[in-house]
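Just below is one structure, and these are the notes that go with it.
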Amino acid sequence: MLQFPPWKVILILLVLGWGGLMALPNVVNMSGAPAFVPKSPVNLGLDLRGGVYLEMEIRPEEVINGQLEIFGRDVRSAFPRTAEREPIFHETQLRGRVMTLRLTRADENGNFPVEEALQRLQRVNPQIEGGLAGGRMFDIQRAGVDRITIGVSSASEEAMMEDALRKTMIIVRRRVDPDGVAEISLTPSGNSRIVLEAPGEPDPQRLRDLLTRDGRMTFNLVEDSDLEILQAQAGVVKPGYRLLSGPETGPLLVREIPEVVGSDIASASQGNDEYNRPQINFRLNANGARKFFDTTRMNTGKRFAIVLDDVIMSAPTIQQPIPGGNVRITGRFTMEEAQDLAAIISAGEMPAKLQFLDQRVVSPTLGQDSINAGVRASVIGLVLVAVFMLIAYNLIGTFAVISLSANIILIFGALSGIGATLTLPGIAGIILTIGMAVDANVLVFERIREEQRSGRSVLTAIQAGYERALSTILDANITTLIAAAILYVLGSGPVKGFAVTLGVGILTSVFTAFVVTRWMTVMYVKAARPKSLAI
C-alpha cells in the first residue's frame, strides 16, 4: 500500500493534470484550446444565472383526439374497393375521446355491413406499444345497425400519454434550442407535465409564443359549395367537416380527417418566391409524398387547404397530380414570420396544445447574489477546515489541505468535462464534499496516531492506518453514492444538480484522500525519514 512505482506516480499526475486542464475554462478564456477541452465555464442553473421557469401540461383529451384523428386515415384506407372486397361507404364524426362511424349504404336486403367493417378495422388497429401481447390501441365496438364507435382503453390512454410526453419534450427542445447550444433543462413531472428552465432567458413571453403554436400542419380536402358554407355559418355543419378560414381565404369547409399531416413533413425552411417575397418551402418524406401524389391524382380539379393550427394558410385548386413531395406556402409573410413558421413546422407538431400552469422569472441579480453567497460559504468552510487540519495534524495536515484543494479542482474539472449544470444545491454539494473529504483524512490520521502510540514505526503506522480506515471510508462513501444515485434518478431540476455534484465529489474525495494525500505523506517520510510523525 505504500509502494508508488513510477507508473502510479505518472497516473496520479495525469489525473491531477486532467482535472486542472478541464477546470481552466472557469478562470481563463479557452477559445483557442484543443477540441477535447471545454471552451466555457461550468453551466450555471436557473437559480444562479437567472432566467425563466415554466411548468406546462398536456391534456389527455387532446392527445386522444389527435390519435383518433390519425387513426381516421387508416379507417379510410381500410374501406375502399379492392379486387377481393366491396367498398364500405361511411361517414366519420370525431368528438373528443370518441370517433363515430356511420355506414351510409346497405346491401340489397337492407343490411349494413357492420361485421365486415369491424373485421377490417381490427386489421388496422395497432397494438399498444410496449403493452401486453394482443392489447390493441383502440376499443372498437358496434353501436347500432349502422354505427361503430372507436374509443380508447385506460391501458392505451397511458401508452398514448407516455409517448405524447416524450414527443412533446423533444419538440419543445427543438423550438427553444434549435441549434442545441442553449443550456435549457427539460424535466417530466408525472405523466402529463413538463418543467422548462431556461437560464439566461430574460423574456418569458418569447418562450410562450414559441410554444403556444401547435405547429400542426395538415393538408385537407375542401368542400367549397356556397350552400354548404352558408349552412355551416348558420350552425349546421356537414358531417365530417369543419368550418375554417385564413388571412388569404374566406370561410371554407375542410374535411376533419386530413390527407397529409405534420409527421409526413421531412423538413421546412424559409425561402423566396419568384417575386422575391418570403415563402415557406417544405419537403414531404417518402410516405407523405406518396399520399400527397395520390390525393392530388384522385382529386384533380378540387381545392385542398394547407392548414396550420386551424388557420388556412393557402387553399389552391389541384391542377394536376403533384409528384416529388416538394410543396410551398406563399402569402403575406414577413421574413421573420416565415423563419419562425419554418422552425415550428420543422420541429414537428405538438401531440396536444401546451397549457401553462406556472411561470417564474429569476432575476440575474438574485442569481449573482446566490453565487456570491455560495462562494463565500465555500471559502469560509475551506479556510476553517484548513486551519483545523493544520492545528490538529501539523505537517500531514498540510498534505490534506493540498489534496482538498486538488479535490475541488477535480470537481470543477469533471463538471466542465461532462457539461453538467451547477445549481445552488450543487454548491451545497461541493461544501458537503469538502467536509466528507476531510472526514476521510481524519479517520486515516487518527488511525496512524493510534498505531504510533502502540509503538509501531512511522511507515508501519502509516500502512496500518490506511488499511484499517479503508473499509470505514468505503462503507461511508458507497452508501452516500447510492443515495446520490437515487436522488438523480428520482429527483428533478436542482435536486439532480445536487446529486451530480455530490456523486462527482465522492469519487474525487476518495481519490484525493486515499491516493494523493497518502502519496505525499509517503514521499515525505521516505525523503526525510522522521522517527515519528508529529500528529
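The values are calculated or read from the model by the stated rules, or taken from the named source; none is laboratory data. Because the structure is a prediction, the values reported are computed rather than measured. Note: ideal-geometry Cβ built from the backbone for every residue, glycine included; neighbour counts use all protein chains shown.
Numerical summary
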| quantity | calculated |
| --- | --- |
| Filter result (at pLDDT below 90 and either in a loop (DSSP other than H, G, I, E, B) or over 41 Å from the mean Cα position of the chain (by Cα) (or both)) within segment 126-143 | Pro126, Ile128, Glu129, Gly130, Gly131, Leu132, Ala133, Gly134, Gly135, Met137 |
| Residue in segment 428-446 that is of a type in the set (D, E, K, R), modelled with pLDDT of 90 or more and in a helix (DSSP H, G or I) present | yes |
| Contacts under 9 angstrom Cβ, first residue in segment 237-257 being more than 21 Å from Ile329 (Cβ to Cβ), partner part of a loop (DSSP other than H, G, I, E, B) and among the hydroxyl-bearing types (Ser, Thr, Tyr), 6 or more apart | Lys238/Ser225 |
| Flag if Asn287 is under 29 Å from Phe356 (Cβ atoms) and either outside any helix (DSSP H, G or I) or not assigned by TED's automatic domain parsing to the domain that holds Phe89 (or both) | no |
| Residue satisfying condition, being more than 20 Å from Ala143 (Cα to Cα), at pLDDT below 85 and among the acidic types (Asp, Glu), within set Glu62, Glu57, Glu84 | Glu84 |
| Test result for Ile184, aliphatic (A, V, I, L, M) and touching a strand residue (DSSP E or B) at 6+ places or on another chain (Cβ under 7 Å) | yes |
| Options Val311, Val261: the member that is under 20 Å from Ile70 (Cβ atoms) and either buried (at least 17 other Cβ atoms within 10 Å of the Cβ) or touching a Leu at 6+ places or on another chain (Cβ under 8 Å) (or both) | Val261 |
| Conditions (1) closer than 17 Å to Ala400 by Cβ; (2) touching a helix residue (DSSP H, G or I) at 6+ places or on another chain (Cβ under 6 Å); (3) of a type outside the set (A, V, I, L, M); number of the one not met by Phe514 | (2) |
| Of all residues in segment 464-473 being touching a residue at least 24 places away in the same chain (Cβ under 8 Å) and among the hydrophobic types (A, V, I, L, M, F, W, C), the one that is surrounded by the fewest Cβ atoms within 10 Å (Cβ to Cβ) | Leu470 |
| Residue within segment 260-269 that is in contact with a Pro (Cβ under 9 Å, 6 or more places away or on another chain) and either modelled with pLDDT of 80 or more or not aromatic (Phe, Trp, Tyr) (or both) present | no |
| Segment 18-49 - residue that is touching a residue at least 40 places away in the same chain (Cβ under 8 Å) and charged (D, E, K, R) and, of those, surrounded by the fewest Cβ atoms within 10 Å (Cβ to Cβ) | Arg49 |
| Residues of segment 314-336 classified as surrounded by 13 or more Cβ atoms within 10 Å (Cβ to Cβ) and modelled with pLDDT under 70, total | 2 |
